[in-house]
Amino acid sequence: MKVLAVSSYGVLGGAELSLAVFLEHRPAGVEASAVLIEDGPLRAHLCERGVPSGAAHGYDGRPSPMQSVRFTRSLLRLLEGERPDVVWATGLKAAYMAAPACRIRRVPIVWHKVDFSLDAVLTRPLAVAVNGVVSVSESVAAALGPLRRRRLLAVVGPPVRLPNELHIAPSERLAVGTLATLSPIKGQHHIVEAAALLADEFPDLRIVLAGAPTADDPGYPQDVGAVLARLTVFVNATFRDERGFGMEGLSGAMLEASWAGLPVVATRGGGTPEGVKDGLTGTLADPGDPPALAAAIAPYLRDRELALRTGEAGRRFAREQFSPKGLAARLFEALERAASAR
């Protein structure tokens with residue numbers, strides 16, 4: 001099978017790094033190449049891993065009708081030259097931009113839906129325009145509504161990129177924190193407020209907020225394991241703001257924390273309940289509520305055995321559900337089904 005991967009962006013964000021991991025773990029016999037609608041460090045990242053990659057230019061931001069037409073023409077030429085069996089479009093923009101050329105050339109296209117972007121406006125029309133949808137979580141797939149039965153090929157979460165042998169015990173030097181882009185919707189300020197509420201009981205509690213304005217910023221931590229090793233509890237405090245932004249399809253950083261062996265406290269909403277087994281691998285709390293965060297964090301600071309037991313359950317869960325090899329097999333099986341149906 002020959003796959004052309006189309007990425008919405010060229011940054012090294014969560015969806016883009018997942019795309020690279022899937023391609024690295026593609027089954028034997030699958031030939032792959034990639035095109036990025038917006039250029040960036042992802043292109044070199046893929047080329048270094050043996051995936052021929054190119055980038056379009058002039059399509060940053062929301063595309064105009066004329067830009068869409070121009071991209072369609074260029075993709076038509078690429079499809080004619082490469083003759084892929086299926087196009088795998090990661091993200092809304094990639095699927096929206098690639099669908100017209102795929103329909104004209106009669107090349108099956110699968111939309112990998114990774115978030116909730118423009119669900120009320122574009123999800124169902126776009127689901128009809130493509131040959132199938134792969135969703136990052138059940139929550140993200142819900143917007144398909146009645147189209148789910150006919151269009152959803154699989155639910156494939158983000159693969160964890162950490163070494164299989166990584167095992168980190170919750171730090172005995174008490175610390176809470178997160179690893180995320182520095183954005184208000186990530187809730188770092190709520191973590192600080194929650195820690196302040198715990199200060200009387202835990203006066204030496206540290207806060208670790210690792211991140212940068214964007215995931216491909218030079219200041220973004222490259223050694224995830226070193227960040228996680230400083231924590232007793234990993235906290236995902238993402239919340240939905242007044243504009244409706246903030247819900248995550250499924251947080252890869254949260255899964256990495258479980259993979260490493262840390263208890264996870266996370267806010268409800270989006271795909272989070274699919275990545276945290278409440279009461280087993282961590283605790284869910286109401287979003288935008290620092291007292292609720294503090295109440296969820298405190299038991300793991302008081303009881304080291306609980307923290308260790310919860311972290312170990314998270315390690316097993318993450319390896320069972322989010323190993324790269326298993327998820328890649330599921331993804332490429334869905335792409336093969338779409339290719340076979342042409």
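Numbers for the structure displayed
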item	result
Any pair with Cβ under 7 angstrom, 6 or more apart, that starts in the stretch 65-93 at a residue that is more than 14 Å from V3 (Cα to Cα) and ends at one that is assigned to a helix (DSSP H, G or I) and open to solvent by 60 Å² or more (accessible area, probe 1.4 Å)	L76/I104; L76/R105
Residues within the stretch 273-287 that are over 21 Å from D115 (Cα atoms) and open to solvent by 10 Å² or more (accessible area, probe 1.4 Å), tallied	4
Residue identified as of a type in the set (K, R), modelled with pLDDT of 95 or more and touching a strand residue (DSSP E or B) at 6+ places or on another chain (Cβ under 9 Å) among R73, R26	R26
Enumeration of residues in the stretch 68-91 that are crowded, with 21+ Cβ neighbours inside 10 Å and closer than 26 Å to A143 by Cα	V86, V87, W88, A89, T90, G91
Single unsatisfied condition, R161 versus (1) in a helix (DSSP H, G or I); (2) within 30 Å of L331 (Cα to Cα)	(1)
Residue in the stretch 95-105 that is under 23 Å from V136 (Cα atoms) and open to solvent by 30 Å² or more (accessible area, probe 1.4 Å) present	yes
Residue within the stretch 186-197 that is without any contact (Cβ under 8 Å) to a residue 40 or more places away in the chain and surrounded by 15 or more Cβ atoms within 10 Å (Cβ to Cβ) present	yes
Options V87, V21, V51, V30; residue that is over 19 Å from E333 (Cβ atoms) and β-branched (V, I, T)	V51
Residues satisfying the stated conditions in the stretch 113-149, i.e. open to solvent by less than 10 Å² (accessible area, probe 1.4 Å) and either out of contact with any Lys or Arg (no Cβ under 8 Å at 6 or more places or on another chain) or closer than 11 Å to Y96 by Cα (or both)	K113, T123, A127, V130, S137
Residue satisfying all of: in the stretch 26-39; out of contact with any Ser or Thr (no Cβ under 9 Å at 6 or more places or on another chain) and touching a residue at least 40 places away in the same chain (Cβ under 8 Å); least open to solvent (accessible area, probe 1.4 Å) among these	V30
For R148: the one exception among (1) in contact (Cβ under 8 Å) with a residue 12 or more places away in the chain; (2) more than 15 Å from the chain's Cα centre (by Cα); (3) within 29 Å of A95 (Cβ to Cβ)	(1)
Residues (in contact with a Gly (Cβ under 6 Å, 6 or more places away or on another chain), over 19 Å from S74 (Cβ atoms) and β-branched (V, I, T)) located in the stretch 2-45	V11
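Yes/no per residue for (1) crowded, with 24+ Cβ neighbours inside 10 Å; (2) in contact with a Ser or Thr (Cβ under 6 Å, 6 or more places away or on another chain); (3) free of Cβ contacts under 8 Å to residues at least 24 places away in the same chain:
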position: L250; (1), (2), (3): yes, yes, no
position: L255; (1), (2), (3): yes, no, no
position: W259; (1), (2), (3): yes, no, no
position: V265; (1), (2), (3): yes, yes, no
position: G271; (1), (2), (3): yes, yes, no
position: D289; (1), (2), (3): no, no, no
position: L301; (1), (2), (3): no, no, no
position: R304; (1), (2), (3): no, no, no
position: Q321; (1), (2), (3): no, no, no
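The values are calculated or read from the model by the stated rules, or taken from the named source; none is laboratory data. This is a predicted model, so every value here is computed, not measured. Neighbour counts are summed over all protein chains in view; Cβ atoms, including those assigned to glycine, are modelled from backbone coordinates with ideal geometry. Heavy atoms of the whole protein, side chains included, go into the accessibility calculation; ligands, DNA and RNA do not. Shrake-Rupley method; radii C 1.70, N 1.55, O 1.52, S 1.80 Å.
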